[in-house]
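J.: Dropping a structure here in structure tokens format, bear with me for questions.
The values are calculated or read from the model by the stated rules, or taken from the named source; none is laboratory data. Keep in mind the model is a prediction, meaning the values are calculated, not measured. Note: ideal-geometry Cβ built from the backbone for every residue, glycine included; neighbour counts use all protein chains shown.
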Amino acid sequence: MTDVAARHDIPELLRRGWVVDVDWGTAHRWGMRGGVPVTILAEPPALTNDAIAVN
């Protein structure tokens, strides 16, 4: 789950290079202790035959 940063927090998040923020509960459950590299896509990836067979 993602949440929206408070407007006053945005400049600091951008300064850190953070573009995605997760809620505290999710970060706690996943054992996150800081930033985690992510890839942001402009659109969903195309399904491959392997992905279709699993679904």
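J.: For Pro44, only one of the following conditions fails: (1) part of a loop (DSSP other than H, G, I, E, B); (2) more than 14 Å from the chain's Cα centre (by Cα); (3) at pLDDT below 80; (4) not acidic (Asp, Glu). What is its number?
T.: (3)
J.: When you go through Asp23, Asp50, Asp9 one by one, which is the residue that is at pLDDT below 85, out of contact with any Lys or Arg (no Cβ under 7 Å at 6 or more places or on another chain) and surrounded by 10 or more Cβ atoms within 10 Å (Cβ to Cβ)?
T.: Asp23
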